[in-house]
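Asks: Below you'll find the structure I mean.
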């Protein structure tokens, strides 16, 4: 029986080597990038296919790949994070939600292992970034045309329309837009199709402003400042200051050119109180829509749970129930009605698995920042975006957040380390 199964498998592996394994893997990566912003189901199916593909290899290659994985810090911290969340599943009461959380985190277990160990050239990885940039631009153009022509709606509602149409939050789309803009900026400085890349980057900035995400503008500003400081590291201090001031001015101009961003900011400035007791009272008697005050209330609830469960947390599947119970205690009307998550990944992990959960995410963030700091390139922009967004969002609460982190961090790590190897 084993012999009859072994012969077709060997034949299949030989056929794969004829087609070239790298080409098949590259095709998987392209489809994965294309499906990421538009369809959750297809993106998950491609992840499963990539995982199967990883194991369909010769014994020698599998041994080599697992050897790479065992020595790689990036892969290890992702697996560590996943395993600690798995520990929280052993004492959770809401098993169904706990299993859903673990399932959603499976990309942490699979993607870094696949990406770090599968062979692919930097030319193909760079081509993948080009495809990502052009694809997200096409998706944005499609959404705009559909909204204007078919739906006959204003572009001011682009954020809600994109979520309704694609099922993806503005935060994940915005970070893809920022990475694509930074890719164009890199290409412009390398004098690669300068006019083309200027047009593309300006178009992407326009769409980024349409999404009215203040956090994405902060990420873009940070990435641009890091890039220009790196490019002009041997230049005079006066030139560096001029460049940084110009970057601040351009991003600020973009901010003020967005009526939706101004509107949201003005509402926050006019309606935000700074007295915690007033905030608690206001949110206990009405459905307040001030997002800053909502986050204050959510953080209060989170901290109360952490104080009551400092060592082990409440369990991987019980965090939402614990938050809901705390909202009831605080009489936080918006929280009760909307069933808000922690809106802070660090607090959420502490609530779920206690001190181990908190340490696991801190270690994850420290390693990805440390490993990307020397190069200060795509991985560093990506690492900053994740660290920053986790302060204000439960970034791993959705498929798009876990996939973004588990895909782009190892991808850029591989790209930049292979580049260094070639340079040396």
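The values are calculated or read from the model by the stated rules, or taken from the named source; none is laboratory data. Computed from a predicted model, the values in this text were never measured in an experiment. Don't worry about glycine lacking a Cβ; one is built from the backbone with ideal geometry, like all the others, and counts go over all protein chains shown.
Asks: Only one residue in 361, 351, 367, 298 is surrounded by fewer than 21 Cβ atoms within 10 Å (Cβ to Cβ), touching a residue at least 12 places away in the same chain (Cβ under 8 Å), assigned to a helix (DSSP H, G or I) and under 28 Å from the mean Cα position of the chain (by Cα), so which one is that?
Replies: Answer to the selection: 367.
Asks: Let me ask another. Any residue in the range 74-85 that's on the phi > 0 side of the Ramachandran plot and without any contact (Cβ under 8 Å) to a residue 60 or more places away in the chain: show its pairings with residues that are in a helix (DSSP H, G or I) and buried (at least 22 other Cβ atoms within 10 Å of the Cβ) at Cβ separation under 8 Å, as long as the two are six or more apart or on different chains.
Replies: As it stands, the answer is none, since no pair meets every condition given.
Asks: Taking the criterion of being out of contact with any strand residue (DSSP E or B) (no Cβ under 8 Å at 6 or more places or on another chain), surrounded by fewer than 20 Cβ atoms within 10 Å (Cβ to Cβ), modelled with pLDDT of 95 or more and within 19 Å of residue 274 (Cα to Cα), would at least one residue in the range 301-319 satisfy it?
Replies: Yes, there is a match, as at least one residue in the range 301-319 is out of contact with any strand residue (DSSP E or B) (no Cβ under 8 Å at 6 or more places or on another chain), surrounded by fewer than 20 Cβ atoms within 10 Å (Cβ to Cβ), modelled with pLDDT of 95 or more and within 19 Å of residue 274 (Cα to Cα).
Asks: Go through (1) within 26 Å of residue 41 (Cβ to Cβ); (2) in a loop (DSSP other than H, G, I, E, B) and name the single condition residue 405 misses.
Replies: (2)
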